[in-house]
Each structure stands twice: as C-alpha cells, then as structure tokens.
Amino acid sequence: MSRQDINRSGEMEVFVSVVERGGFSAAATARRMTPSAVSKLVARLETRLGARLVNRSTRRLQLTPEGCAFYERSITILADIAEAERQASTGEQASGRIRINTSGSFGNHVLAPLVPAFMALHPAVTLDVSHTDRIVDLMEERADVAIRAGPLKNSSLIARKLGATSKIIVASPDYLSRHGEPRSAADLRRHCRIGFSYARAVEGWPLREDGETVMIPITPGVQVGDGEAMRHLALSGAGLARLAAFTVRADIDAARLVPVLEEANPGDLEEFYALYMGQGGQLPARVRALLDFLASHVRF
C-alpha cells in the first residue's frame, strides 16, 4: 500500500476509540467494525510505525509509552481536522465565554497585558479568569483552559506549550541592608527563604557550585500558596524568594527587588503549558482561538 493510500486520520480515529473505550471489542461496536478488523488495523499501524502501541498480554488494555504519545498527538490532530472542517463549512466565528484558570503570577504579568489585543480580535468572546496555583480539575472547575508551569504528569488533558521562563532569586533592598547579601549557597542557611506551601515538582533551589549544579534544600521561614503572595512578601522585606523572571522583572527594573546569587544561577527554565480537554469531541472555536493567540503572543 502506498503512503498516499493510507487513511491516517481513519487509523487515528480507530486507535483513539480503542484507548477511550478500553478495548478492541468496545471500539469495534462504536465504529461498527468487527473486533478482528480493529485488532488487525492496530497491528498494521504498529507495523507501519515500527513501534508497539498497545500491550495485549493483560486483561486490561495497556498503552506503551509510544502508544501514549501517539494517542495524545492523534487527539490533537483529529481536533484540528474537525475544527478546520467546521470553520470551512459554517464560517464559524469565535464567540461565547472562555473560562481560564491560571496562577496569579501568570495572570497578572503575562495574560492581563494580552487581553485587550485578544478581545479586539474576537469581540464576540468574553473571558472569565480565575487565579490559583493549585492543580485544578477542569471538569469540576468548569474551566475551558488551565495554564500551568512545570513538568506535566500523565493525564487526560492535552497540553500546548506556551514557552519557558528563567528563575531568579530576589530580595528587597531593605532586607539586604538588614541581613546582608548572600555570596554563596552556604550563606542561604542564615537567611529567611520564602517557600511554597504545596508540593513542587522540584523541591529546593538549584545553584551552580564549583562548576556543578547542586540542589540546595530549602526549609522556608515563610510558606505561601501562590507566586504573587511570595512576590509581595519579598517586596515587604520578609526574605529571599526564587521566582519566574517575568514575575519580578518590573520590580527589578524599578529597584524594588534585587537579584542575588546570579553568578550561581544555573539558568534552568520553567515551562508553561495551556491545558485543555479535547478527547472525544470538537474543540470550540472560541477555545481554539485563545490557544492559537496565546501560542503566538506569549513572550517571557
């Protein structure tokens, strides 16, 4: 069979049905096929890709890492196809309410400045923005899009990368005048460090020391639940804070905060993603418009 004869979208639709319905028989019923036809189609797909997508040795269908990756990309591609067809056939314009859940830091320093331009492009859209740093259930919160940072855990959500930002340790001039400026990783032990009150993917502050990156455990003197609260505590002189560069850039430019230990900054980056639900249905035009806009306009 030539590459032109392969119905890639059809293969993806069947494979997605197998995953979402938990097996070949259920997918066959949904697709009006026989279980053997579904099994053979998946086997042909695996042969063509040169990778096993599904482990068949257990009673419960189990995806391989390659299968997980192919499933997630298939959902995105199928949603893009459906959206393109809908817009081409109906001329659908983005309209209606978009519920966005994001951290206070991203919402205030990155999202808010972009809102006027987005609203000018899509005047029929309304935005409902809520701020929280905790991980939320999109269904429970009735959110269309969540914007989060850090490594992503396996989930049923689709992730679209928006970019990455550097991290900076900062303190107020008042705090440094009272406690002195730390000159090495060891100096951090005698300083008050502001930390997060929830579990982080990376616990501690990475710093360069003797040519290597070491993780400095942080036992914070003050803990907070979000980055904006941490920023305000740093501004008040409560201690040192390690924050995303976009969160404190204006404060540094205005000399309200001072970067410290920059010579030991390892240059690690924190990635940001827009998370949304796209499985088993078409993505609304209003959500697609927001995702495309953020992907092209977010700058760190």
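The values are calculated or read from the model by the stated rules, or taken from the named source; none is laboratory data. Note that the coordinates shown come from a computational prediction; the quantities given were computed from them, not determined experimentally. So basically every Cβ, Gly included, is an ideal-geometry build from the backbone, and we count neighbours across all protein chains shown. Only protein heavy atoms, including side chains, enter the accessible area calculation; ligands, DNA and RNA are left aside. Shrake-Rupley method; radii C 1.70, N 1.55, O 1.52, S 1.80 Å.
Restricting to region 52-68, give me the number of residues that are assigned to a helix (DSSP H, G or I) and open to solvent by 60 Å² or more (accessible area, probe 1.4 Å). Spell out the reasoning first.
To start, the set of residues in region 52-68 that are assigned to a helix (DSSP H, G or I) comprises 65-68.
Applying the additional criterion that residues be open to solvent by 60 Å² or more (accessible area, probe 1.4 Å) yields 65-66.
Qualifying residue count for the region: 2.
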**Asked** Does Pro206 fit the bill of being of a type outside the set (Lys, Arg) and not in a strand (DSSP E or B)?
**Response** no
**Complete:** Those residues of region 246-271 which are closer than 27 Å to Ile100 by Cβ and open to solvent by less than 10 Å² (accessible area, probe 1.4 Å) amount to Thr247, Val248, Asp251
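Results for (1) over 23 Å from Phe300 (Cβ atoms); (2) in contact with a Cys (Cβ under 8 Å, 6 or more places away or on another chain); (3) among the basic types (Lys, Arg), shown as yes or no for each residue.
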{"position": "Lys167", "(1), (2), (3)": "no, no, yes"}
{"position": "Ala171", "(1), (2), (3)": "no, no, no"}
{"position": "His179", "(1), (2), (3)": "yes, yes, no"}
{"position": "Asp187", "(1), (2), (3)": "yes, no, no"}
{"position": "Gly195", "(1), (2), (3)": "no, no, no"}
{"position": "Gly211", "(1), (2), (3)": "yes, no, no"}
{"position": "Gly221", "(1), (2), (3)": "yes, yes, no"}
{"position": "Asp226", "(1), (2), (3)": "no, no, no"}
**Val170 vs. criteria β-branched (Val, Ile, Thr) and at pLDDT 85 or above** = yes
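Matching residues to (1) free of Cβ contacts under 8 Å to residues at least 24 places away in the same chain; (2) not hydrophobic (A, V, I, L, M, F, W, C):
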position	(1), (2)
Ile6	no, no
Met12	no, no
Val19	no, no
Thr29	yes, yes
Ala37	yes, no
Leu53	no, no
Leu63	no, no
Phe70	no, no
Ser74	no, yes
**Selection within region 27-51 - in contact with a helix residue (DSSP H, G or I) (Cβ under 8 Å, 6 or more places away or on another chain) and open to solvent by less than 60 Å² (accessible area, probe 1.4 Å)** = Ala27, Ala28, Ala30, Ala37, Val38, Ser39, Leu41, Val42, Leu45, Ala51
**Request:** Quick one: which residue in Ala295, Ala264 is over 15 Å from the mean Cα position of the chain (by Cα) and not aromatic (Phe, Trp, Tyr)?
**Result:** Ala264
**Matching residues in region 228-251 - criterion: being in a strand (DSSP E or B) and touching a Cys at 6+ places or on another chain (Cβ under 9 Å)** = Leu240
**Request:** Answer yes or no as to whether Arg59 is farther than 30 Å from Ala245 by Cα, at pLDDT 90 or above and not aliphatic (A, V, I, L, M).
**Result:** no
**Prompt:** Is there a residue being free of Cβ contacts under 8 Å to residues at least 24 places away in the same chain, outside the structural domain of Phe106 (by the TED database), within 18 Å of Asn108 (Cα to Cα) and open to solvent by 30 Å² or more (accessible area, probe 1.4 Å) anywhere in region 230-242?
**Reply:** yes
**Request:** For residues that are open to solvent by less than 60 Å² (accessible area, probe 1.4 Å) and either hydroxyl-bearing (Ser, Thr, Tyr) or assigned to a loop (DSSP other than H, G, I, E, B) (or both), scanning just region 101-123, find the one that is nearest to Arg231 (Cα to Cα).
**Result:** Ser105
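Of Glu212, Glu262, which residue is touching a residue at least 60 places away in the same chain (Cβ under 8 Å) and of a type in the set (D, E, K, R)? Working first, answer last.
Numbers: Glu212 fails: touching a residue at least 60 places away in the same chain (Cβ under 8 Å).
Unique residue meeting the criteria: Glu262.
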**Request:** Go through the residues of region 214-225 one by one and say whether even a single one is touching a Ser or Thr at 6+ places or on another chain (Cβ under 7 Å), open to solvent by 50 Å² or more (accessible area, probe 1.4 Å) and either assigned to a loop (DSSP other than H, G, I, E, B) or not assigned by the TED database to the domain that holds Arg73 (or both).
**Result:** yes
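Quick check on this structure: which one of Leu283, Leu275 is part of a strand (DSSP E or B), at pLDDT below 95, open to solvent by less than 50 Å² (accessible area, probe 1.4 Å) and not assigned by the TED database to the domain that holds Val18? Lay out the reasoning, then the answer.
Details: Leu283 fails: part of a strand (DSSP E or B).
Result: Leu275 is the single residue among Leu283, Leu275 that is part of a strand (DSSP E or B), at pLDDT below 95, open to solvent by less than 50 Å² (accessible area, probe 1.4 Å) and not assigned by the TED database to the domain that holds Val18.
Can you tell me which residue is modelled with the lowest pLDDT among those in region 188-237 that are of a type in the set (S, T, N, Q) and touching a strand residue (DSSP E or B) at 6+ places or on another chain (Cβ under 6 Å)? Quick ask: steps written out before the conclusion?
Within region 188-237, the first condition is being of a type in the set (S, T, N, Q), and the residues that meet it are 197, 213, 219, 223, 236.
With the extra rule that they be touching a strand residue (DSSP E or B) at 6+ places or on another chain (Cβ under 6 Å), the set shrinks to 197, 213, 223.
Working: Ser197: 79, Thr213: 89, Gln223: 88.
Filtering region 188-237 for residues that are of a type in the set (S, T, N, Q) and touching a strand residue (DSSP E or B) at 6+ places or on another chain (Cβ under 6 Å), the one modelled with the lowest pLDDT comes out as Ser197.
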